[in-house]
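A short worksheet on the structure shown next.
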Amino acid sequence: MTKHNDAPSSNRQWGGRFSSGPAAIMEKINASIDFDRRLFAEDIEGSLAHVQMLVEQKIVSAEDGRAIADGLRTILQEFGEGKMRVDPALEDIHTHVEARLKELIGPAAGRLHTARSRNDQVATDLRLWVRKELDAADRGFADLQQALLDQAERHADTIMPGFTHLQSAQPVTFGHHMMAYVEMFGRDRGRLQDCRRRMNECPLGAAALAGTSFPIDRQATAGTLGFDRPTANSLDAVSDRDFALEYLSTAAIAASHLSRLAEEIVIWSSAQFRFVTCSDSFSTGSSIMPQKKNPDAAELIRGKAGRLYGNLTSLLVVMKGLPMTYGKDMQEDKEPVFDTADNLALCVAAMTGMIAELTVNEGPMLAAAGSGFSTATDLADWLVRVLGMPFRDAHHVTGELVRLAEEKAVDLDGLALDDMRAVEPRITEALFDVLGVANSVNSRQSYGGTAPAQVRAQIARWREALR
């Protein structure tokens, strides 16, 4: 007579194949419950859809189906109330749910896993979780765009220097500058929405890798869970983590935009610029220098961008050498996704608050806007437009006038007319009309330009888009 050893509880998912339990270190490295517990709502949502389909397909009796569904809803409530008991011997969230279901309803709980595997189960859970985060991120960026639009509207006429190479280039408006970030974050939202469309396929029913012999209805479970369709290849369904990589990539690109705006706030709020003042709500002080007011929220956003890049790289490296289909390496997909979601949401919320409470110092901006011969391009354009000079010749003449102004330690509009005529005899008094920064800004009437009328037109377009 064969003696059957009782396998330890950690082997509940593995069945009779194993005659002894895992080593303690194996149990520790194998367990994911410390982080995948965040998938509890999605795991139960997927299980409810699965058991509903099993009943409709007459694979599970209606009586067992009701018991399973009632038990799952009880577990969902327990988890929501923080009553989940974590047992290290139950390696993941799926096992915890199934073990608790068995405690609640008895042997019928075992029927829930009919026609599915943990492979398609976890792929479905993570897709459901990422989909919710994509929607949440989209809403967060929409709020940030609204804050930027509010600042743009208040400062559509506020003149500031525009920079290239962080050198004064041409005068622009602060409203125009804010609208640049509205466009950037609009592209980020487009990527989030595009990622959501592409990943909205349901892996449930792919089972371990080959599908199942049970007469399941994958269209039904996909529809119940809000997916557009089931995945078309069972191998791909359980091995695909493109959706997670695409989410991490989209988040990393968005983080680069947040970081660029954060860097500008750091620069603008410095004593050397004084373009903006950050509110006390998003600043900190110094432990030794009482005069300091540091833009720490902006600096932390700038720093967290590197963390989000690291999460993307981490999962890319995990996935790069995996053969079909599922490998336990893929357990490493969740922590970078969770970390990115948490930190992206935090950064977007902090940036929204900072922008909403930002004070714009119009005086220093205007003073700086006229420095560095920022209207030189306007001068060259006048030479082309009024004197009919080829632009390259006008560029050369303007360069000579800039050098002359440097020698005399004046701005371009500080040069005497006779000095200008010494370089180009055809210059008239009318040239001085284009050398003021306000005239320069107002002249940029091309679509998407910095002229206040153009800025207000773009604000109106975005207000309508965000309505």
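In the range 381-420, which residues are acidic (D, E) and either on the phi > 0 side of the Ramachandran plot or surrounded by 12 or more Cβ atoms within 10 Å (Cβ to Cβ) (or both)?
D381, D393, E400, D411, D413, D419, listed by residue number.
Give me the residue from the range 401-417 that is of a type in the set (G, A, S) and part of a loop (DSSP other than H, G, I, E, B) and, out of that set, farthest from V386 (Cα to Cα).
As a first pass, look at the range 401-417 and keep what is of a type in the set (G, A, S): 405, 409, 414, 416.
Then drop every residue that is not part of a loop (DSSP other than H, G, I, E, B), which leaves 409, 416.
Values: A409: 27, A416: 19 Å.
It comes out as A409.
Out of all the residues in the range 193-238, which are buried (at least 20 other Cβ atoms within 10 Å of the Cβ), without any contact (Cβ under 8 Å) to a residue 60 or more places away in the chain and in contact with a helix residue (DSSP H, G or I) (Cβ under 6 Å, 6 or more places away or on another chain)?
P230, T231
Which one is surrounded by the fewest Cβ atoms within 10 Å (Cβ to Cβ) among residues in the range 322-372 that are free of Cβ contacts under 8 Å to residues at least 60 places away in the same chain and touching a helix residue (DSSP H, G or I) at 6+ places or on another chain (Cβ under 9 Å)?
Here is the first cut: in the range 322-372, the ones free of Cβ contacts under 8 Å to residues at least 60 places away in the same chain are 323, 327, 329, 332, 339, 342-343, 346, 363, 367.
Applying the additional criterion that residues be touching a helix residue (DSSP H, G or I) at 6+ places or on another chain (Cβ under 9 Å) yields 323, 327, 329, 332, 339, 343, 346.
On the way: P323: 6, G327: 14, D329: 12, E332: 16, D339: 18, N343: 19, L346: 14.
The extreme case among them is P323.
Pairs please, first residue from the range 418-444 and assigned to a loop (DSSP other than H, G, I, E, B), second anywhere and open to solvent by less than 80 Å² (accessible area, probe 1.4 Å), Cβ atoms under 6 Å, 6+ apart in sequence or on different chains.
As it stands, the answer is E424/V397; R426/L387; I427/M420; L435/T375; L435/L412; R444/T450; R444/A451, since those pairs meet every condition given.
Determine whether the range 208-218 contains at least one residue that is part of a helix (DSSP H, G or I), assigned by the TED database to the domain that holds E264 and more than 25 Å from the chain's Cα centre (by Cα). Working first, answer last.
Filtering the range 208-218 for residues part of a helix (DSSP H, G or I) gives 218.
Pick out the ones that are also assigned by the TED database to the domain that holds E264 and you get 218.
Filter once more, keeping what is more than 25 Å from the chain's Cα centre (by Cα): 218.
Checking the range 208-218: at least one residue is part of a helix (DSSP H, G or I), assigned by the TED database to the domain that holds E264 and more than 25 Å from the chain's Cα centre (by Cα).
Is the range 152-162 home to any residue that is hydrophobic (A, V, I, L, M, F, W, C), touching a strand residue (DSSP E or B) at 6+ places or on another chain (Cβ under 7 Å), surrounded by fewer than 21 Cβ atoms within 10 Å (Cβ to Cβ) and outside any helix (DSSP H, G or I)? Steps first, answer last, please.
First, the residues of the range 152-162 that are hydrophobic (A, V, I, L, M, F, W, C): 152, 156, 159-160.
Filter once more, so that each one left must be touching a strand residue (DSSP E or B) at 6+ places or on another chain (Cβ under 7 Å): 156, 159-160.
Okay, now just the ones that are also surrounded by fewer than 21 Cβ atoms within 10 Å (Cβ to Cβ), so none.
Checking the range 152-162: not a single residue is hydrophobic (A, V, I, L, M, F, W, C), touching a strand residue (DSSP E or B) at 6+ places or on another chain (Cβ under 7 Å), surrounded by fewer than 21 Cβ atoms within 10 Å (Cβ to Cβ) and outside any helix (DSSP H, G or I).
Mind checking whether some residue in the range 381-388 is more than 28 Å from D157 (Cβ to Cβ) and over 42 Å from the mean Cα position of the chain (by Cα)? Show your work before the answer.
Restricting attention to the range 381-388, the residues satisfying the condition of being more than 28 Å from D157 (Cβ to Cβ) are 387-388.
Next, from what is left, pick out any that are over 42 Å from the mean Cα position of the chain (by Cα): 387-388.
The answer is yes; a qualifying residue exists.
Determine the pairs where a residue that is crowded, with 23+ Cβ neighbours inside 10 Å, located within the range 112-125, has a partner that is part of a helix (DSSP H, G or I) and β-branched (V, I, T) with Cβ atoms under 7 Å apart, the partner being 6 or more residues away or on another chain.
What qualifies is L112/V51; L112/I68; D120/V238; A123/V238.
Would a scan of the range 456-465 turn up a residue that is surrounded by fewer than 13 Cβ atoms within 10 Å (Cβ to Cβ), charged (D, E, K, R) and over 27 Å from A147 (Cβ atoms)?
no
Per-residue answers, yes or no, for (1) part of a helix (DSSP H, G or I); (2) closer than 30 Å to T375 by Cα:
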{"position": "P107", "(1), (2)": "yes, no"}
{"position": "L112", "(1), (2)": "yes, no"}
{"position": "R131", "(1), (2)": "yes, no"}
{"position": "A142", "(1), (2)": "yes, no"}
{"position": "Q145", "(1), (2)": "yes, no"}
{"position": "L149", "(1), (2)": "yes, yes"}
{"position": "V172", "(1), (2)": "no, yes"}
{"position": "H176", "(1), (2)": "yes, yes"}
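The values are calculated or read from the model by the stated rules, or taken from the named source; none is laboratory data. The shown structure was predicted, so the numbers you read here are calculated from the model rather than taken from an experiment. Cβ: placed from backbone, ideal geometry, glycine included. Neighbour counts: every protein chain shown. Note: accessible area is taken over every heavy atom of the protein model, side chains too, but ligands, DNA and RNA are not part of it. Shrake-Rupley method; radii C 1.70, N 1.55, O 1.52, S 1.80 Å.
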